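Single-structure report; data block below.
Here, each number is a calculation from the coordinates, and none is a lab measurement. Source: prediction; values computed, not measured. FYI the Cβ positions are ideal-geometry reconstructions off the backbone, even for glycines, and counts take in every protein chain you see.
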Amino acid sequence: MKIALAMMVTEGEAPYLRLHLPVYKCAVDGIMVVFERGEYIEDEVAAIKSSFPEPEWIVRDFHNDWGEMFNFGIDAVEHSQCRYDALLRIDPDEAMFSSDVDKVRSYLETYDLLWLSRINYWMDREHYSPQYGHDYQARAWRLNCGIRLSGQHHESVSLSQHTQVNYLPDVTIHHYGDIGRERVLKRDLHYLNVAREQAGHPPLTERPADREFPTRENVLYTGPQPIDPNVVGKYAPFKE
């Protein structure tokens, strides 16, 4: 079972890539990255090459449709000369234990599609949002089975496309996208603009000054993590 790591990478994500990729790079057989045409991505390319000396990537125009964008990556993995059997999708702001990637490889011998559990950290690497529970994500599947994503902003796989599906509560993606005050505010503006777009309003370039700071229930996370926050810092790879 030969597995490709597949991800979409945007400008500014080099700090995540430098921190997260080394944790599980040896558990996959290669990487395929989708970049948006026109972005300044030199730092991101350098960060990827520090973990994967011979990465593959494609550069595409972005049509404000994340499902479509990642499907370009699926096509590229399926046509890669590396002859991959399956892919694992992990975003730059996420990480996994290499041992969990090994479990994914084993399960894909039997199943076409795997839904992995995700923990969403909030504000720092020591706290998470319990209201999401097991935030299952369709993130690993066998290639050449017709599996594609749909959804403009919250892309996912439709279960109706598949028969051999399994949910894995013991295989965890650790999501650090909401770490640090600056990152939280940036993501809040992004989703505010998504809502404005859906309502037919133009996007904002700055977050409204009178908009309240985002809040979310969070509790101390006491389980193991792929990267110890006591070692890298509770706000890594950023400052508070």
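Hey, which of these cross-link pairs are over 26 Å Cα-Cα: 103/186; 186/239; 103/234; 2/186? From the list (103/186; 186/239; 103/234; 2/186), the Cα-Cα distance tops 26 Å for 103/186; 103/234; 2/186.
Overall, the anisotropy analysis places the range 88-213 in the oblate class: the square-rooted eigenvalues a ≥ b ≥ c of its C-alpha gyration tensor yield a/c not less than 1.5, with a/b not exceeding b/c. Counted over the range 147-240 with a bin width of 5 Å, the fraction of Cα pairs per bin, in whole percents, is 2, 9, 14, 16, 16, 15, 15, 10, 3, 0. Ordering 148, 89 from the fewest to the most neighbouring beta carbons within 10 Å gives 148, 89.
With a ≥ b ≥ c the root eigenvalues of the C-alpha gyration tensor of the chain, is it rounded (a/c under 1.5), prolate (a/b larger than b/c) or oblate? Verdict is rounded for the chain. 3J(HN,Hα) along the range 217-232: 4, 9, 10, 5, 9, 10, x, x, 10, x, 10, 6, x, 6, 8, 8 Hz, from the Karplus curve 6.51 cos²θ - 1.76 cosθ + 1.60 with θ = phi - 60°, whole Hz, x for Gly and Pro.
From the Cα gyration tensor of the range 102-146, with a ≥ b ≥ c the square roots of its eigenvalues, which class applies: rounded if a/c is under 1.5, or else prolate if a/b is larger than b/c, or else oblate? Because a/c hits 1.5 or more and a/b exceeds b/c, the range 102-146 counts as prolate. Among 127, 154, 79, the residue with the largest mean-square fluctuation in a Gaussian network model of the chain, with springs joining Cα atoms closer than 10 Å, is 154. What is the sum of charges around residue 163, taking Lys and Arg as +1, Asp and Glu as -1, for the other residues whose C-beta is under 13 Å from the C-beta of residue 163? Local net charge: 0. Look at 219, 231, 23 and count the other Cβ atoms within 10 Å of each Cβ; fewest to most, that gives 231, 219, 23.
Order these by the 10 Å Cβ neighbour count, fewest first: 162, 190.
Ordered by Cβ neighbours within 10 Å, fewest first: 190, 162.
Within the listed set 132, 111, 24, the residue fluctuating most in the Gaussian network model of the chain (springs between alpha-carbon atoms under 10 angstrom) is 132. Counted by Cβ distance under 13 Å from residue 193, the other residues give a net charge of +2, where Lys and Arg count +1 and Asp and Glu count -1.
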